[in-house]
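What follows is a short report on a single structure.
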Amino acid sequence: MEGFTFHKAERLCSQKLIGELFTSGESFLVYPLKVVFLKTEFPEPYPVQSAFTVSKRNFKRAVKRNLLKRRMREAYRLNKHSLYTGLADKNLQAVLMFVFVGKELIEFPVIEKAMISAFKKLLVKI
């Protein structure tokens, strides 16, 4: 893995995979994040494809939704190496969706701490 980047191939863009993720995937909560995951095979060289979402119901302004998504992506980008090595050891591929379920804006360190604990919990569940 070259540095701390988040390439296009690591992003979950396939509508088919997203639909499959929500119909047959499993989920757990690490406040303020809900993680929906599914073990699957896809032709990309990375072990994980991920996406991030924030509810329009809880955050009416797009500026706030985008801010929270940027914070989640940054926390993911800086800490994904532990998830990648854990999945590579098990020789697995997975798709992930991180859903922000909090009701107010949360600072980056709290989101980063939740992301790290979500990775640990995910490696146990997979």
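What follows draws every value from the coordinates through simple rules; no lab data is involved. Note that the coordinates shown come from a computational prediction; the quantities given were computed from them, not determined experimentally. Positions of Cβ are backbone-derived with ideal geometry, glycine not excepted, and every protein chain shown enters the neighbour counts.
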* Structure fact -> Going from the fewest other Cβ atoms within 10 Å to the most, one would list 30, 124 as 124, 30
* What number, rounded to the nearest 500 deg cm²/dmol, is the helix-based mean residue ellipticity at 222 nm of the chain, given -39500 (n - 2.57) per DSSP H run of at least four residues and division by all its residues? -> -15500 deg cm²/dmol
* To do: Run the quick spin-label model on residue 11 and residue 79: label points 7 Å from Cα toward the beta carbon, then report their separation in nm to one decimal.
  => 2.2
* Asked: In terms of the Cα gyration tensor, with a ≥ b ≥ c the square roots of its eigenvalues, is the stretch 87-126 rounded because a/c is under 1.5, prolate because a/b exceeds b/c, or oblate?
  -> prolate
* Structure fact -> Total charge of the residues flanking residue 70 in space, meaning their Cβ is under 13 Å from its Cβ, with Lys and Arg +1 and Asp and Glu -1, is +3
* Structure fact -> Computed on Cα atoms, the radius of gyration and Dmax of the stretch 1-102 in angstrom are 13.6, 41
